[in-house]
Amino acid sequence: MKQIIIIDDDQAIRKLLTLALKGAGYETLDAVNVEDALNKVALRVPDLVLLDLGLPGKSGLSFLSRFREWSDAPVIVVSAVSQEDKKIDAFELGADDYLTKPFSTNELLARIKATLRRYSGVSTTHLLECGDLRLDLVARVVTVNGCEVKATPKEYELLKLFMQNIGKVLTHNWLLKEVWGVGYQNEVHYLRVFMNQLRQKIESDPSRPKKIVTETGIGYRMVCG
Amino acid sequence: MYNFDMTKNIRLYLEGLAPLVVISMVCYMYKDDLELLNIAMLYLLPILFTATRYGRVPTFFVSLCAALLFDILFVPPVLHLTVHDMEYLFSFIIMITVGQLVSALATKAAKTKELEAGEKLYEAVLGSLSHELRTPLAVVIGATSSLLSKELKLSDAERIELCESAFLSAKSMQELIENLLASARFESGGVKPTFSICSIDEVVGSALLRVEKKYSKEAVFKIADDLPSLNTDALLLEQAFYNILDNAFKYGNNVKVEIESSMNDLIVKVCNDGNIPRDHELSFAGEKFCRLSNSIGIQGTGLGLFLTKRTVEALGGECEIYIKDGYFCISIELR
């Protein structure tokens, strides 16, 4: 059974999350502040961390940076709308996903499932799939509904990153660094142009992208199914 | 602007002088039948008229004219400015003092009226807000208490229905509270945009996707080619578009969204047909807590467009609201 640690100072929220997660078949553990959480994850590394940013005393971000010093376990950050500017910081520090309070249980469970699936062992297949989209890592071929799509090398690199990180938010900075290299972090318009071209090729309605969705102000996320 | 004020001021003075001229003519015609004291009293009328309407300076001007005319036309020696009797000098002072006193009182009364209007607006706002909050809250409490009740025998379908209505009501309360908090942040100057390069079609597109999902309807979405990049706060701007798109779907059957560019400016037009406001109301659109005639019977607080306008202004853009071919449109220009 997968174990999830809930780090939140509010008792009602902890209770609600525990109930929902237990109902969905996860084992849960909770912590009320950063010290408490660090002590608990040191005893046993959880399969996933659900981290509230607005903790009393030290903020959730400080937990994240300490935790990332020694663990790669997935972290989903939860926060109120007023802290939206912390989203980017959270992703840069290595958060896997971000949810804004209030959120529905369904959404939370879907995000947890997607995140855990990504971590459940490195895929050994050379065929990546997302809905009607397929990418063959060996042949370097992309198909939509069985039809081959001509992608430029940069478009292919971009798409490969998305298909290797299905469900995960990829920040502008990270994508620029991975595809264009260090030093291109501020050239967001490069990314914009290539994303636009890529969407023209893989989306059925490029003005309403359903496969690679925009996370405004942060980056993009690939969604399947 | 300056010319406009000038003509407005001149008109103001002329309007004050007109009754004075009329009174002077009447008094002059009957000057043999009227005592000087009565004429002096009659001369107070145009002064009071100006004082109750036009404020201190025009009143002073009219009082002075009244005193001069009274002196020239009626006080012996007639048609001369000289005054023999000190008594009349005293009446001039009275004319000016009365004028100033009454205009001061009138200003005070106008201010009280304004305050009262402000209080009424406050009450209206509170009334609308408490209604908008209480209605969904009543649904949440009603639905959850029914679910908890041991006496009620509910079928599974009924339970799901109750849960759904509680969920939807909570969602609508959430939107209202976010809007209230956002406007409070604007009022307190707590909104500090963080600018970065982004693309307008992505910002508008993701707001549109959210709204289309909410209403299960699609807009006609046109994006021009080769749009320039935009340096803005993408998150704030997305919420700004969400607010007006939400209105467009709420009031309209058909929604059109267009993004185009002229020179280096980006123009986003959001238009809807259906239940649109009247032409003469447009100047009130987007004022805080203001709802137009087309909103009767439709839930809302009059905060959405207000927030959009404030956000767009904070980001250095402009909003224009107009009606064209039966469509209510909001055009947003960004640099």
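The values are calculated or read from the model by the stated rules, or taken from the named source; none is laboratory data. Fair warning: this is a prediction, and the values are worked out from it, not measured in the lab. Don't worry about glycine lacking a Cβ; one is built from the backbone with ideal geometry, like all the others, and counts go over all protein chains shown. All accessible areas refer to the heavy atoms of the entire protein, side chains included, with ligands and DNA or RNA removed. Shrake-Rupley method; radii C 1.70, N 1.55, O 1.52, S 1.80 Å.
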Fill in the blank from the handout: Largest-first semi-axes in Å of the equivalent ellipsoid built from the Cα gyration tensor of region B:2-113 are 26, 15, 12
Problem - Solvent exposure, largest accessible area first (probe 1.4 Å, DNA, RNA and ligands not counted), of A:TRP70, A:TRP174, A:TRP180 - result: A:TRP70, A:TRP174, A:TRP180
Exercise for the section: For helix B:36-54, report the angle its Cα long axis makes with the longest principal axis of the Cα atoms of chain B; keep it between 0 and 90° and round to the nearest 10°. Expected result: 20
Problem - Nitroxide proxy distance, nm - points 7 Å out along Cα→Cβ at B:GLU187 and A:SER71 - result: 4.4
Problem - Nearest-20 debye value, region B:123-188 charge dipole, Cβ charges on Lys, Arg, Asp, Glu - result: 180
Fill in the blank from the handout: Per the Cα gyration tensor, region B:123-188 corresponds to an equivalent ellipsoid with semi-axes, largest first in Å, of 31, 12, 7
Handout entry: Probe 1.4 Å - accessible area at B:PHE61, Å² to nearest ten
Key = 80
Exercise for the section: Would you mind checking the tilt of helix B:86-148 against the longest principal axis of the Cα atoms of chain B, expressed as 0 to 90 degrees and rounded to 10? Expected result: 10
Handout entry: Approximate spin-label separation A:VAL141-A:GLU203, in nm, with each point projected 7 Å along Cα-to-Cβ
Key = 2.7
Handout entry: Of B:LYS171/B:LYS192; A:LYS2/A:LYS40; A:LYS22/A:LYS211, those spanning more than 22 Å from alpha-carbon to alpha-carbon
Key = B:LYS171/B:LYS192; A:LYS22/A:LYS211
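For region B:196-334, report the convex hull volume of the alpha-carbon atoms normalised per residue, in Å³, without decimals.
Values: hull volume 14.3 nm³, N = 139.
Value for region B:196-334: 103 Å³ per residue.
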Problem - Rounded D (µm²/s) - region A:1-98, Kirkwood Rh over Cα pairs, Stokes-Einstein at 4 °C, 1.567 mPa s - result: 97
Handout entry: Residue among A:ALA95, A:HIS172, A:PRO209 farthest towards the positive dipole end of chain A, charges placed on Cβ
Key = A:PRO209
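I want to verify the translational diffusion coefficient of chain A in µm²/s; compute it with Stokes-Einstein, Rh as the Kirkwood radius over Cα pairs, at 25 °C and 0.890 mPa s. Can you show the working numbers first?
Working: Rh = 18.7 Å.
For these conditions, the coefficient is 131 µm²/s.
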Fill in the blank from the handout: Relative to the compact-globule estimate 2.2 N^0.38 Å (N residues), the Cα gyration radius of the protein assembly as shown stands at a ratio of 1.42
Exercise for the section: Run the numbers on region A:1-52 and let me know its relative contact order in percent, using alpha-carbon pairs under 8 Å that are six or more apart. Expected result: 53
Problem - Accessible surface of A:THR152 - all protein chains present, 1.4 Å probe, nearest 10 Å² - result: 50
Exercise for the section: Would you jot down the residues in region B:181-211 that end up with at least 50 Å² less accessible area in the complete protein assembly than in the chain alone, with a 1.4 Å probe? Expected result: B:ILE197, B:GLU202, B:LEU209
Practice task
Report, to the nearest 10°, how far helix A:153-164 tilts away from the longest principal axis of the Cα atoms in chain A, using its own Cα long axis and a range of 0 to 90°.
Solution key: 30
Handout entry: Share antiparallel - DSSP beta bridges, the protein assembly as shown, percent rounded to 5
Key = 65
Practice task
Write down the accessible area per residue of the protein assembly as shown in Å², having rolled a 1.4 Å probe over the full set of protein chains.
Solution key: 54
Completion exercise
Expressed in angstrom, Rg and Dmax over the Cα atoms of chain B are 31.3, 103
Completion exercise
Descending accessible area (1.4 Å probe), largest on the left, turns B:SER63, B:SER293 into B:SER293, B:SER63
Practice task
If a cysteine in chain B has no other Cys Cβ under 4.7 Å from its own Cβ, put it on the list, ordered by number.
Solution key: B:CYS27, B:CYS65, B:CYS163, B:CYS198, B:CYS290, B:CYS319
Handout entry: Computed over chain A: relative contact order in percent, which uses C-alpha pairs under 8 Å that are six or more apart
Key = 13
Handout entry: Candidates B:SER172, B:SER149, B:SER183, ranked by Gaussian network fluctuation over chain B, Cα under 10 Å, top entry
Key = B:SER149
Problem - Over region B:276-335 - Rg/Rh using Cα atoms and the Kirkwood inverse-distance radius - result: 0.97
Handout entry: Percent carbon-and-sulfur accessible area, region B:123-188, ignoring ligands, DNA and RNA, probe 1.4 Å
Key = 65
Completion exercise
Over chain A, cysteine residues that find no other Cys C-beta under 4.7 Å are A:CYS147
Problem - Nitroxide proxy distance, nm - points 7 Å out along Cα→Cβ at A:TYR184 and B:GLU161 - result: 5.7
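With all protein chains present, how much of the accessible area of region A:74-225 (probe radius 1.4 Å) comes from carbon and sulfur, to the nearest whole percent?
50
Chains B and A: what accessible area do they bury, summed, in square angstrom to the nearest 100, with a 1.4 Å probe?
Interface area, both chains combined: 1600 Å², rounded to the nearest 100.
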Completion exercise
Length-normalised contact order of chain B, Cα under 8 Å, at least 6 apart, in percent, tallies to 11
Practice task
Give me the accessible area of B:LYS222, 1.4 Å probe, in Å² rounded to the nearest 10.
Solution key: 120
Practice task
Please work out the C-alpha center-to-center distance from region A:122-161 to region A:59-118 and express it in whole Å.
Solution key: 28
Handout entry: B:ASP325, B:ASP233, A:ASP47, ranked by accessible area, largest first (probe 1.4 Å)
Key = B:ASP325, A:ASP47, B:ASP233
